[in-house]
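Asker: Sharing a structure here in structure tokens format.
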Number of protein chains: 2
Amino acid sequence: MTGPGEMSGVLGVDSGGSGLRAVLALKVGQEGRGTAPLESGEPVRTGARGIDAGHLVEQLVPMARQLMADAGIATLRAVTVGAAGYTSLGDSLRADLPSALARELGVRNLALAADGVTAYVGALGQRPGAVVAAGTGLIAIGTDLTSWRKADGWGHLLGDNGSGAWIGRAGLDAALRAHDGRSGGSAPLLARGEAMFGPAGTWPGQLYPRTDRPAMLASFAPEVAACADGDPVAADILAEAARHIADAARAVCPAGGEVSGEVQVALTGGLFKMGAPLLVPLRAALTDRLPYARQVAAGGDPLAGAVRIAVDLAEDRLTLPREEDMLYVIGEPPAPEAHAPKSPAP
Amino acid sequence: MTGPGEMSGVLGVDSGGSGLRAVLALKVGQEGRGTAPLESGEPVRTGARGIDAGHLVEQLVPMARQLMADAGIATLRAVTVGAAGYTSLGDSLRADLPSALARELGVRNLALAADGVTAYVGALGQRPGAVVAAGTGLIAIGTDLTSWRKADGWGHLLGDNGSGAWIGRAGLDAALRAHDGRSGGSAPLLARGEAMFGPAGTWPGQLYPRTDRPAMLASFAPEVAACADGDPVAADILAEAARHIADAARAVCPAGGEVSGEVQVALTGGLFKMGAPLLVPLRAALTDRLPYARQVAAGGDPLAGAVRIAVDLAEDRLTLPREEDMLYVIGEPPAPEAHAPKSPAP
């Protein structure tokens, strides 16, 4: 047993487009209560072998050691790494992370998860339901606690319907229709687009050379929301986005009779900060498509979900479905004694 | 006057994504009858100053000299260069091409045109109306013979609605809806997509790293057409494309009362080789939106349009609207005597 004077904790990690974020939960059981997150500020590289496990370890180990030192913790009872791209690019993480984190940090219990899974758990915990995570992109994740389901998340050219990039693109399309005199145009969106990006004729030259085209498209989404009150074209774009989002949620949500107890649906991510212009039609679309699912506020963000998985793993109460490309767990059953970290390899 | 034994001709040039094409029309007046086109196979570079005039000259001069030598022609009475990107990137062509082609080829009469203008003239000649030019992208060009109008042509993220990239993207979106169990999905399109690109899960990894994403999207458009007979989702995509195309045509087409005589509308470009699945709903949409415009077959392609402009320029009967960023003409009135080419600069 961990002695009363010996502090242990769990580590939650979120690897995304803006880098690694890591947080330490000091006392198992106090979910989401932890240290202030540390951020690496540098996205983990992706190479021919997928997500670069070495680059992740290189960033994570010093962050973890600093969090442990600051909190006076000697032992990590469990670690969860949630990573964007894990489902299709996670092979190297499964191959290399367990041994590297055991060697460097003495980690015995490790969970690797798709960022959609950490988003789900952050929002709903270990309950059945559906979560839509949306910002520039969009993915829906659901579970009946037997398996994971996902929908969309295909990126800005193949899907991500209803996402920030999708809404922004639809708004710019409507602006350019007005510019050209085609039907379906919106003069208010054209005015906002020109205020934001300059004359319409310059937009292609600004957009196409960029590598972050989806982000530039998504940057226009709040302008669509700002026009929705008086402009029927903008309002229609948000209503269509709401239908797409609810469609994705329905595709992954277990049916009411499939699980015991209540099915919940939650929304998480920056897109939903857009407020009423999106949320009002979205709540209606969810009620229409998922009448049996209770709409609840997300409990926490994906980093909180990573911590939650680590806590449940440490306490041996992780009941979520384990699938290699969604939630992969390497670990021993909780040991009767605390694990002392091995010394780093010489 | 050009003596009876002295051959002269005009040169038409089309600069596009697959390089330069040039054709010589041997006898002024025989529109579109000329030599077999020569092709450079190398797209003209675009740099910070726009389309690289030096690179264009470097490719064009030897092609022109070869065409002239093969045909036994000493004098070019006029040249037209139609270029993709001319409207926004044509400054350097206007600045540098007139002197370079005068020096190298003795050209006195030169027209520079947007590829949409050469497409228009190739399709309809010097008549009022509207032309939609579409392949991977899509643009509509119209004129009342007083000014040029254009609609769409904004590229695959901002518009090109109804284009090959647009149809292909909509088809892949419907395929992935079926994959996910979202509404609006098409199992036939999913089957064709997986036959073409492999398992759906691999599509994002194939598409997003490419630099020719629009071409990859457009490569799926014929599969949508092939499904349209039995699959209502595919048929709806083509019907929506038809509405977009007709919208663009209507936006640029002069009203029936605006011009004297008949208004014509024509379609040109690779998209329309798709045949009945697109053309049947498109003809209906054009009849609906432009009931006063006669739908005619395109007379020729953009290269034929470049030749036609050069012929009309040489004969001093070019009545099309002259606008710097659409159709720019540098020339003298036809001289009483043929121009002898100057020797190349030493």
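The values are calculated or read from the model by the stated rules, or taken from the named source; none is laboratory data. None of the values given here were measured: they were computed from a predicted structure. We place every Cβ from the backbone using ideal geometry, glycine too, and count neighbours over all the protein chains shown.
Asker: Is there a residue being outside any helix (DSSP H, G or I) and in contact (Cβ under 8 Å) with a residue 40 or more places away in the chain anywhere in the stretch A:281-288?
Answerer: No, every residue in the stretch A:281-288 fails to be outside any helix (DSSP H, G or I) and in contact (Cβ under 8 Å) with a residue 40 or more places away in the chain.
Asker: If you take the residues in the stretch B:212-226 that are charged (D, E, K, R) and assigned to a helix (DSSP H, G or I), which one is surrounded by the most Cβ atoms within 10 Å (Cβ to Cβ)?
Answerer: Looking at the filtered set, the residue picked out is B:GLU223.
Asker: Condition first: surrounded by fewer than 23 Cβ atoms within 10 Å (Cβ to Cβ), under 15 Å from B:TRP154 (Cα atoms) and in contact (Cβ under 8 Å) with a residue 40 or more places away in the chain. Now tell me which residues in the stretch A:168-188 satisfy that.
Answerer: Result: A:GLY185, single match.
Asker: Check the stretch B:154-166 and report whether any residue there is in a helix (DSSP H, G or I), modelled with pLDDT of 95 or more and facing another protein chain (nearest Cβ under 10 Å).
Answerer: Yes, because at least one residue in the stretch B:154-166 is in a helix (DSSP H, G or I), modelled with pLDDT of 95 or more and facing another protein chain (nearest Cβ under 10 Å).
Asker: Within the stretch B:199-211, identify whether any single residue is more than 26 Å from A:GLY185 (Cα to Cα), within 11 Å of chain A (Cβ to nearest Cβ), small (Gly, Ala, Ser) and crowded, with 16+ Cβ neighbours inside 10 Å, and answer yes or no.
Answerer: yes
Asker: Now for a different question. When the residues of the stretch A:172-188 are filtered to those that are in a loop (DSSP other than H, G, I, E, B) and more than 9 Å from chain B (Cβ to nearest Cβ), which remaining residue is nearest to B:ARG213 (Cα to Cα)?
Answerer: Looking at residues that are in a loop (DSSP other than H, G, I, E, B) and more than 9 Å from chain B (Cβ to nearest Cβ), I get A:GLY185.
Asker: Looking only at the stretch A:73-97, how many residues end up being farther than 9 Å from A:ILE51 by Cβ, part of a loop (DSSP other than H, G, I, E, B) and touching a Gly at 6+ places or on another chain (Cβ under 6 Å)?
Answerer: 1
Asker: Taking the stretch A:99-124 on its own, how many of its residues are over 24 Å from A:ILE141 (Cβ atoms) and touching a residue at least 24 places away in the same chain (Cβ under 8 Å)?
Answerer: Of the residues in that region, 9 qualify.
Asker: I'd like the residue in the stretch A:53-101 that is over 20 Å from the mean Cα position of the chain (by Cα) and basic (Lys, Arg) and, out of all such residues, is surrounded by the fewest Cβ atoms within 10 Å (Cβ to Cβ).
Answerer: My answer is A:ARG65.
Asker: While we're on this one: Considering every residue within the stretch B:230-239, establish whether at least one is in a helix (DSSP H, G or I), within 14 Å of chain A (Cβ to nearest Cβ) and of a type in the set (Asp, Glu).
Answerer: No - not one qualifying residue is present in the stretch B:230-239.
Asker: To continue, here is another question. So is B:GLY116 assigned by TED's automatic domain parsing to the domain that holds B:PRO222 and either under 18 Å from B:VAL263 (Cβ atoms) or in contact with a helix residue (DSSP H, G or I) (Cβ under 9 Å, 6 or more places away or on another chain) (or both) or not?
Answerer: In short, no.
Asker: Taking the stretch B:106-126, which residues are in contact with a strand residue (DSSP E or B) (Cβ under 6 Å, 6 or more places away or on another chain) and either more than 30 Å from B:ALA251 (Cα to Cα) or not in a helix (DSSP H, G or I) (or both)?
Answerer: Those that are in contact with a strand residue (DSSP E or B) (Cβ under 6 Å, 6 or more places away or on another chain) and either more than 30 Å from B:ALA251 (Cα to Cα) or not in a helix (DSSP H, G or I) (or both): B:VAL107, B:ASN109, B:LEU110, B:ALA111, B:LEU112, B:ALA113.
Asker: Give the residue that is farthest from B:LYS150 (Cα to Cα), with candidates limited to residues of the stretch B:301-343 that are in contact with a Pro (Cβ under 8 Å, 6 or more places away or on another chain) and either at pLDDT 95 or above or surrounded by 19 or more Cβ atoms within 10 Å (Cβ to Cβ) (or both).
Answerer: Ranking the candidates gives B:ALA314 first.
Asker: Just name the residue that is surrounded by the most Cβ atoms within 10 Å (Cβ to Cβ) out of those in the stretch A:143-162 that are closer than 14 Å to A:ALA251 by Cβ and either under 13 Å from the mean Cα position of the chain (by Cα) or among the aliphatic types (A, V, I, L, M) (or both).
Answerer: This residue is A:ALA151.
Asker: Let me spell it out: the conditions are (1) under 22 Å from B:HIS179 (Cα atoms); (2) out of contact with any Pro (no Cβ under 8 Å at 6 or more places or on another chain); (3) more than 9 Å from chain B (Cβ to nearest Cβ), and A:ALA140 meets all of them except one. Which number is the exception?
Answerer: It fails just one condition, (3).
Asker: Taking the stated definitions as given, is A:PRO214 in contact (Cβ under 8 Å) with a residue 60 or more places away in the chain and under 30 Å from the mean Cα position of the chain (by Cα)?
Answerer: yes
Asker: Can you tell me which residues in the stretch A:189-198 are surrounded by fewer than 23 Cβ atoms within 10 Å (Cβ to Cβ) and either assigned to a helix (DSSP H, G or I) or at the interface with another protein chain (Cβ under 7 Å from one of its Cβ atoms) (or both)?
Answerer: Passing the criteria: A:LEU190, A:ALA191, A:ARG192, A:GLU194, A:ALA195, A:MET196, A:PHE197.
Asker: Ok, one more. Of the conditions (1) over 23 Å from A:GLY9 (Cβ atoms); (2) touching a strand residue (DSSP E or B) at 6+ places or on another chain (Cβ under 6 Å), A:ASP96 satisfies every one except a single condition; which number is it?
Answerer: Every condition holds for A:ASP96 apart from (2).
Asker: Considering only residues of the stretch A:274-288 that are at pLDDT 95 or above and surrounded by fewer than 21 Cβ atoms within 10 Å (Cβ to Cβ), which is nearest to A:GLY16 (Cα to Cα)?
Answerer: If we take residues in the stretch A:274-288 being at pLDDT 95 or above and surrounded by fewer than 21 Cβ atoms within 10 Å (Cβ to Cβ), then A:LEU279 is nearest to A:GLY16 (Cα to Cα).
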